[in-house]
Structure formats: structure tokens, C-alpha cells
Amino acid sequence: MQSTGSTDIKEIKEYKENQGIPIHGVIMSSYAPQENPFTPTFGEVPAHMAGRAVLVNDLRRALSSAKRHPNLTTAITGARGSGKTALLSFAAEEAERRGWIAVRTVALPGMLDDVLISTRRKAAHLLSPKAARVTGVEVGQMPGVEWEREDEPTNWRNEMTGLLEQLDETETGLLITVDEVQPKLPEMVQLAAIYQIFVTEGRKVALLMAGLPHNMLALETDKTVSFLRRAQKWQLGRIEDYEVEDAMRRTIEESDRFIAPSALKKAAAAANGFPFMMQLVGFRMWDQHPGQREITDADADAGILLANKEMREGIVRATYEALSPVDKAFLNAMLPDDRLSTMSDIAQRMGKTHSYATQYKNRLLGHGIIEEAPGGVRFQLPLMREYIADQQL
Ligand SMILES: Nc1ncnc2c1ncn2[C@@H]1O[C@H](COP(=O)(O)OP(=O)(O)OP(=O)(O)O)[C@@H](O)[C@H]1O
Ligand SMILES: [Mg+2]
């Protein structure tokens, strides 16, 4: 179908205003409804990535750089729904566009086999027929343990080195992304340790990891991989409202609809700087009247209501219920404060010492439920405060 940019829409609006025609009448007749462009799912690269321009540019620069760039080893942390997986997917796509081989894995047992097999499969066109054989390694072998092949003993590092040498012939880099970083998984530590060897050997490799803040921190404290403390770090925090607005508007207009400015303001405020919520609000307000071209204030109101309910019943409830009683007591002790809670107030309300409360502060920071701000802490997960307040009624 014909795509109509925002200028066309403006023209139609102006024409209709001049002619005294109600906004929806003419527009509907020339509009074939499009699929909902919002992605309130998990790990899907959104139509427009809001508020991550600096990180995205850094990654692009690192992948294009002729020399080894520090951002080729990057650790991304953030709360559930803050956009970690989407960024890994995005980086993998960007890398492939620049001629890299990108393999994606999750920190689970078997991840080393997974990386090896995926590398072989994705790089098959660049490898000798023997090296490209996916069946060459026994899947499920204990990583690091040597095992017999027809010819010689080998192990994960050795197999990967062989592949990297062949990739090097065409100056092709290898990006490994690891999602849901698990500090206690031996294969996770092993992958990071061997990656460090690849870097010191001058190989064209990149490692992008994502996980919850406390898991990433725990991984960095493992002595075997202490180099990770020097990796590039990104904590995915709240996205500014104007950036959310911009991304929402573009997403809508590229799918041939438009949104009333006041509706857009409301929607962005409801998203509260949180990527998953932004997608949820967008998705629900779009679905109110998908056959009409304009998303109105009423559509935004109805969409926000639905999105709030889903966010509370889904992410917020599950997150809260999984917390320990003391974690919950800490959060409850934050409620009397409007914006910021000081640690001394929280400790006093909990009836505990400052250092005891601080332990729980760190746990909750690690889960991305609260964040630090000058002078104290505040809620980070949207609707958590409201959810807890309702529990007290
Ligand atoms: N910067 C962004 N702008 C707009 N939408 C985004 C952005 N980042 C992620 N999203 C959208 O938000 C949703 C959640 O993102 P994602 O699954 O990457 O979060 P996550 O941090 O990996 O969460 P989890 O810890 O639960 O795995 C996805 O549907 C994605 O499309
Ligand atoms: Mg994820």
C-alpha cells in the first residue's frame, strides 16, 4: 500500500479543517489498517529504540573500528523489561550488517556447545568443509574436558581457535552475545576466561553480555574473570519522556497513523521511562480503534488503563511476590516519602540499623526495583509503589 508520511497527514488535516470536514471521515476512507507496530513482548527489537543513542553509537563505532575498540567487551545491566535482550538482538543485527558473524546464547548449561555449533553454522560459507561440520563435536560434553575425535584430542578453546583462525583469513570478526548472565554457571566463567585469551591473542572477537545487575556484579567478582571489571558497562535506566514521545510518534507515523499531541504526552507519561511499559501502552492504545487514522485522547486513556492493569498484574505483582519479607519491609518503609527516601528514614521505619537496611538496599538495587538518587533511593520499576500502597489498604 501507499505510504503516507506525516506531512501528508498534516495536509489532509489542514484540508479537512478548512473544509469543515470531521477529522475521521475522509481519512478513514483512504486508510487500510496496518498491523500493530508495538512490541510488548520480550527481546524483540522495537521499531524505534528510545533513549539508547549513545550506547547504540558506541557499539556501532566499536564494530566498525579497524583497531580493537574497548566497547567490544560490554556488559549491559538493567531491570526486567528495561531492554537488555532487545539491545543484544540489535547489536547482533548491526554486527552482521558489518560483516561479522554473530552468535547468540543464554547462560545455561550447554552454552559452550551452543556457541561452537552456532559459529560453525553461521560461518559455514567461510570455513573449510571439515571445520564446518556441525557434528564434529559431541554436544553435551563437559566443557573444558578433552575428548577424542578420529584424529586428535581437542577441547572448546582449541575448536574455537581453529574457527577464529579461518575467520581471520577474511578478516571476519566473531561477536558472542550472552543473555541472562549467571555468575554461578561454570561455563559462563569459562567462556569469559577463554574470551580474554582470544583478546590477548589479538583475535577479532567481541563479547556482549546482559543480565540483572546483581548477577553481573557477582560475575565480575569471580577472580578468574576479574578483567570484566574493566569491560565497558551500561546500566539501562529510565528513558526521558521526550525520547519516549519521539519513539512512539515515529512508530505510529511509520505505520500510517498519527496521534494527537495531548494523547502522546499522556502515553509517554504513563510509560514512565520504562521500555516494556512504553510498548504496552502503545500497543493497547493502537488497538482501541485500529481502523481509524488518528489515535485520540480517549484511545490513549483506554490504552493506558489496560496497560497499567497488565503491568501491575504481570511484572509488578510477580516481582513483588518473589521478594523476601525483609525486602518487602524495606519497600514498604519507602512509601511515606513522595519522591526520595533517605536511608536513615528507611532504617528507622524498619526498626533496624543503617547497615542492615543497606544490605537490603543493595539487593533491591540489584533487582532493578529501586534506584539510587542524590541523597537516597527511589522506586525504579513503574507502578511498584502504587501496587504496594494498594496491598496496605
Ligand atoms: N529502547 C527501547 N525503546 C523502545 N522499546 C524498547 C526498548 N528496549 C526494549 N524495548 C521493548 O521493550 C520490551 C522489553 O525488552 P527486553 O525483552 O529487551 O527487556 P529485558 O531487559 O531483556 O527484560 P528481561 O530481564 O525480562 O529479559 C521488548 O518488547 C522491546 O521491544
Ligand atoms: Mg531479556
- Are there any pairs, at least 6 apart or on different chains, whose C-beta atoms fall under 9 Å, with the first in segment 37-55 and free of Cβ contacts under 8 Å to residues at least 24 places away in the same chain and farther than 17 Å from D246 by Cβ and the second assigned to a loop (DSSP other than H, G, I, E, B) and near ligand 1 (Cβ under 8 Å from one of its atoms), and if so, which? none
- Write out, first by first residue and then by second, each pair whose Cβ atoms fall under 7 Å of each other, whose residues are 6+ apart or on separate chains, and whose first residue, in segment 85-114, is among the small types (G, A, S) while the second is part of a helix (DSSP H, G or I) and within 16 Å of ligand 1 (Cβ to nearest atom). A91/L59; A102/A92
- Query: Does A357 qualify as being buried (at least 20 other Cβ atoms within 10 Å of the Cβ), assigned to a helix (DSSP H, G or I) and hydrophobic (A, V, I, L, M, F, W, C)?
  - Reply: yes
- Message: Given (1) buried (at least 21 other Cβ atoms within 10 Å of the Cβ); (2) more than 20 Å from A92 (Cβ to Cβ); (3) within 16 Å of ligand 2 (Cβ to nearest atom), identify the lone condition not met by W156.
- Response: (3)
- Residue tally, condition closer than 30 Å to E371 by Cβ, touching a His at 6+ places or on another chain (Cβ under 9 Å) and buried (at least 22 other Cβ atoms within 10 Å of the Cβ), over segment 246-305: 3
- Restricting attention to segment 311-326, which residues are at pLDDT 95 or above and either buried (at least 18 other Cβ atoms within 10 Å of the Cβ) or of a type in the set (A, V, I, L, M, F, W, C) (or both)? V326
- Item | Those helices (runs of 4 or more DSSP H) lying entirely in segment 216-289 with at least 3 residues more than 18 Å from E44 (Cα to Cα) and modelled with pLDDT of 95 or more | 241-254, 261-271
- Mind listing just one residue for me: the one in segment 78-92 that is among the hydroxyl-bearing types (S, T, Y) and part of a helix (DSSP H, G or I) and, of those, farthest from ligand 2 (Cβ to nearest atom)? S89
- Query: Looking at A75, A95, A66, which is the one that is over 28 Å from I370 (Cβ atoms), assigned by TED's automatic domain parsing to the domain that holds H214, away from ligand 2 (no atom under 13 Å from the Cβ) and at pLDDT 95 or above?
  - Reply: A95
- Task: Considering (1) assigned to a helix (DSSP H, G or I); (2) within 16 Å of ligand 2 (Cβ to nearest atom); (3) of a type in the set (V, I, T), say which one V178 fails and leave the rest.
- Result: (1)
- Taking into account only those residues within segment 173-198 that are more than 18 Å from A92 (Cα to Cα) and within 16 Å of ligand 1 (Cβ to nearest atom), which is surrounded by the fewest Cβ atoms within 10 Å (Cβ to Cβ)? P183
- Considering only residues that are assigned to a loop (DSSP other than H, G, I, E, B) and β-branched (V, I, T), look in segment 39-63 and name the one that is nearest to ligand 2 (Cβ to nearest atom). T41
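The values are calculated or read from the model by the stated rules, or taken from the named source; none is laboratory data. Quick caveat: nothing in here was measured; it's all calculated off a predicted structure. We place every Cβ from the backbone using ideal geometry, glycine too, and count neighbours over all the protein chains shown.
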